[in-house]
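Only the coordinates and a few stated rules stand behind these numbers; no lab work does. Quick caveat, the model's predicted, so the values are computed rather than measured. Backbone-built Cβ (ideal geometry, glycine too); neighbour counts: all protein chains shown.
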Amino acid sequence: MKEITFNEAVVKAGRMLWNVFPLIFGTVLLVSLMVTLIPKTFYLMVFQNNSFFDPFIGSVIGSISAGNPLISYILGGELLKQNVSLIAVTAFIVTWVTVGFVQLPAESMILGKRFAFLRNFLSFIFAIIVAVITVFVLGVI
């Protein structure tokens with residue numbers, strides 16, 4: 001087996017990055033479009049202040065919405081001000097950052113379909129668990 005030099009590794013990594021750049025750029029544009037098009041009031045209409053369904057609803061919406069963490073904290077604060085439950089907001093924020101159905105095509109192309117689907121599925125499930133544990137530890141329920 002031939003050893004790869006540092007320069008060869010840099011060139012190969014650069015080529016790979018150049019090949020996936022259009023896909024990454026398109027994903028960033030799509031996420032930005034979703035953040036812009038979905039108004040904050042949409043989230044307020046969806047949550048029912050139900051401790052059983054809200055974490056699931058929050059996880060689904062967070063998975064579809066996907067965005068950067070800074071925006072999720074601001075949006076989470078606004079949702080809490082509107083009396084959306086902490087369990088729903090926690091599930092929403094965790095999936096917003098960790099699960100990304102919008103990024104799934106890019107992730108599956110770069111890292112493999114099996115890995116991408118398994119990572120997103122497990123992140124979705126664990127987001128609900130984290131939300132429940134967070135609210136339980138804080139004693140909000």
Item to check | Net dipole in debye of region 1-81 [+1 Lys, Arg Cβ; -1 Asp, Glu Cβ; about Cα centre; nearest 20] | outcome: 140 debye
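Could you work out the local net charge near Phe121, counting Lys and Arg as +1, Asp and Glu as -1, over the other residues with Cβ closer than 13 Å to its Cβ?
Charge balance in the 13 Å sphere: +2.
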Next on the checklist: In whole Hz and in residue order, list the ³J(HN,Hα) couplings for region 57-68 that follow from phi through the Karplus curve 6.51 cos²θ - 1.76 cosθ + 1.60, θ = phi - 60°; x for Gly and Pro.
Outcome noted: 4, x, 5, 5, 5, x, 5, 6, 6, 5, x, 8
Checklist entry - Kirkwood hydrodynamic radius for region 98-139: how many Å is it when counted over pairs of different Cα atoms? => result 11.2 Å
Checklist entry - Over the chain, what relative contact order in percent results from Cα pairs under 8 Å that are six or more residues apart? => result 25 percent
Checklist entry - If you put +1 on each Lys and Arg Cβ and -1 on each Asp and Glu Cβ, how big is the dipole of region 6-138 around its Cα centre, in Debye rounded to 20? => result 240 debye
